Amino acid sequence: MFLDTTLRDGEQTPGVSLVPENKLRIAQRLDELGVDFIEAGFAAVSKGELESVSLIAKQGLRAKVFSAARGTRNDIDAVLKSNASGISMIVPTSDLHIECKLHKTREEMLKVTADCVDYAKDHGLDVEFLAEDATRSDFDYLTKVFLTAIDSGVDRIVPCDTVGILTPERSAEFFSKLSEKIKVPLGVHCHNDFGMAVANTVAALGSGAQEAHATINGLGERAGNASLEEIVVTLKSLYKLDLNVKTDLLYGTSQLVSRLTGVYVQPNKAIVGENAFTHESGIHTQGLLSNPLTYEPITPELVGRTRRLSPGKHSGSHAIRANLEHMGLKPSEEKFKEIFQRIKELGDKGKTVMDADVLAIAETVMGLSQAKPIQLEEMTFVGGDKVTATASVRLKVNGKVVWGAAVGVGPVDAAINAVKDAIAETEPITLEQYNVKAITGGTDAMVEVVVRVRKGNRTVTALGVREDIVKASMEAVLSGMNVLTTDYNNKS
């Protein structure tokens, strides 16, 4: 089976525009991940797209680099100019598209198919033929188009479920019937309009398809495309297939794409969503602490994740006790009951309970010193229309004064980078997620910043609330870092 990961569809996600350098970063990660084909862009659409495809094509990646193109010689020439090794040739096959979009006839499209495949093959391209709107096409005509492309030397055939109307049952029937007539490798390209793109892709692969088109995080037009990470883990875990894919890179790849596109993954998304391996319910956490298989179908390590027990009003005592033990806190039974009750009360008030809240409550109840390992002594930041945002900070880390300075895309970014610079040698901590929202109206609104930070294989959440977004961000980041660096194991 081959995996074809599409950057073009990620680019067509509303509001997303990737510069060539960022597309290259994603392509290099996909190559490391182990995909077989990378559709790097639509070379004929714009100068930027041509530059993207060309930049990726000259890297010498293991994966074959393709460019999308319409069935025209001008588009094929653009692919040739990009030096891509192959072309994903998109030709409409439904009457709706042929008549309403192209104003052509079926016979004319057969001639377009033969001419374009011949032209691309004559110029040395690997040709993948994508039948647009194939699942709403007359099946006999669709087969005729495919056989015409095969006669012209096409390398692979890919029917596209352009508006996502397949069901798993129909997908299996469609590809089984088609594979009886098509004797070149058959691929599947599904959109997610009804939420069945992955299921339809898996059904197709079980019924004759040998290649799956997918995108990271399911990015794509409208409701998106089939998700690469979901397909890979489904085939590996449920169908026991070895795809030679480095699954431990899936989460990191998802995060990279999310960061570069600005399209954030919904928390409850399968495999790579932040809640996929996060547990709050007391019933669940009790089972997990005994045996993770009770509530996890796969180990988080398989996809480069770590398990997290989230504090909250649904938390059971086992989860809260485990969180406290991470910080070296072992309260008496009486004090633990009070800590547990306060956490529940905080959740009942509608507040999202952060890991920093758990630490603060525990320290208060246990009468412990609340001097934090990392303290902000001083912060300066500069920004402006014609000025690069810069920041410097002075921190006290376990009693030792350290300095940090950095630049960023804005004052918040610069300030956080300065903190990371200051503690890089002693406390290597990574900011994994940053969310901000105004909780009152007006230009002087109170701002709420929520962060998730990681040290090693442990992640925690923290909150900052201020009128100044930079100060709120610093409060959240430092609170999270203090949870990660607080360890009472060696304290009397």
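The values are calculated or read from the model by the stated rules, or taken from the named source; none is laboratory data. Just so we're clear, the structure is a prediction, and the values are computed from it rather than from any experiment. With ideal geometry, Cβ positions are generated from the backbone for all residues, glycine too; neighbour counts draw on all protein chains shown. Side chains are part of the model used for accessible areas, which takes the heavy atoms of the whole protein and leaves out ligands, DNA and RNA. Shrake-Rupley method; radii C 1.70, N 1.55, O 1.52, S 1.80 Å.
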Every listed condition ((1) touching a residue at least 40 places away in the same chain (Cβ under 8 Å); (2) in contact with a Gly (Cβ under 8 Å, 6 or more places away or on another chain); (3) aliphatic (A, V, I, L, M)) holds for residue 418 save (1)
Taking region 35-54 and keeping only residues that are part of a helix (DSSP H, G or I) and either open to solvent by less than 40 Å² (accessible area, probe 1.4 Å) or hydroxyl-bearing (Ser, Thr, Tyr) (or both), one is left with 48, 49, 50, 52, 53, 54
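So, in region 83-121, of the ones that are among the basic types (Lys, Arg) and out of contact with any strand residue (DSSP E or B) (no Cβ under 8 Å at 6 or more places or on another chain), which residue ends up most open to solvent (accessible area, probe 1.4 Å)?
Residues of region 83-121 among the basic types (Lys, Arg): 101, 104, 106, 111, 121.
Next, only the ones that are out of contact with any strand residue (DSSP E or B) (no Cβ under 8 Å at 6 or more places or on another chain) stay: 104, 106, 111.
Details: 104: 81, 106: 87, 111: 128 Å².
Applying the filter and picking the extreme gives 111.
Out of region 247-263, which residues are surrounded by 15 or more Cβ atoms within 10 Å (Cβ to Cβ) and touching a residue at least 60 places away in the same chain (Cβ under 8 Å)?
At the first step, the residues of region 247-263 found to be surrounded by 15 or more Cβ atoms within 10 Å (Cβ to Cβ) are 247, 249-258, 260-261, 263.
Once the filter is applied, which keeps residues that are surrounded by 15 or more Cβ atoms within 10 Å (Cβ to Cβ) and touching a residue at least 60 places away in the same chain (Cβ under 8 Å), region 247-263 yields 249, 250, 252, 253, 255, 256, 257, 260, 261, 263.
Test of understanding: among 32, 132, which residue is closer than 30 Å to residue 233 by Cα, in contact (Cβ under 8 Å) with a residue 60 or more places away in the chain and open to solvent by 10 Å² or more (accessible area, probe 1.4 Å)? Give the steps one after another, and end with the answer.
Details: 132 fails: in contact (Cβ under 8 Å) with a residue 60 or more places away in the chain.
None of the other options fit; the residue is 32.
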When you go through 409, 402 one by one, which is the residue that is β-branched (Val, Ile, Thr), without any contact (Cβ under 8 Å) to a residue 60 or more places away in the chain, farther than 24 Å from residue 264 by Cα and out of contact with any Asp or Glu (no Cβ under 8 Å at 6 or more places or on another chain)?
402
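Do we have residue 145 as out of contact with any Gly (no Cβ under 9 Å at 6 or more places or on another chain), surrounded by 22 or more Cβ atoms within 10 Å (Cβ to Cβ) and assigned to a helix (DSSP H, G or I) here?
On the way: out of contact with any Gly (no Cβ under 9 Å at 6 or more places or on another chain): yes; surrounded by 22 or more Cβ atoms within 10 Å (Cβ to Cβ): yes; assigned to a helix (DSSP H, G or I): yes.
Criteria met by residue 145.
Residue by residue, here is whether (1) part of a helix (DSSP H, G or I); (2) open to solvent by less than 50 Å² (accessible area, probe 1.4 Å); (3) closer than 20 Å to residue 297 by Cβ; (4) modelled with pLDDT under 95 holds:
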{"position": "141", "(1), (2), (3), (4)": "yes, yes, no, no"}
{"position": "158", "(1), (2), (3), (4)": "no, yes, no, no"}
{"position": "163", "(1), (2), (3), (4)": "no, yes, no, no"}
{"position": "166", "(1), (2), (3), (4)": "no, yes, no, no"}
{"position": "174", "(1), (2), (3), (4)": "yes, yes, no, no"}
{"position": "203", "(1), (2), (3), (4)": "yes, yes, yes, no"}
{"position": "207", "(1), (2), (3), (4)": "no, yes, no, no"}
{"position": "239", "(1), (2), (3), (4)": "no, no, yes, no"}
Residue 329, sole failed condition from (1) at pLDDT 85 or above; (2) hydrophobic (A, V, I, L, M, F, W, C); (3) part of a loop (DSSP other than H, G, I, E, B); (4) within 34 Å of the chain's Cα centre (by Cα):
(4)
Can you name the residue in region 459-473 that is touching a Leu at 6+ places or on another chain (Cβ under 9 Å) and of a type in the set (Val, Ile, Thr) and, of all such residues, is surrounded by the fewest Cβ atoms within 10 Å (Cβ to Cβ)?
459
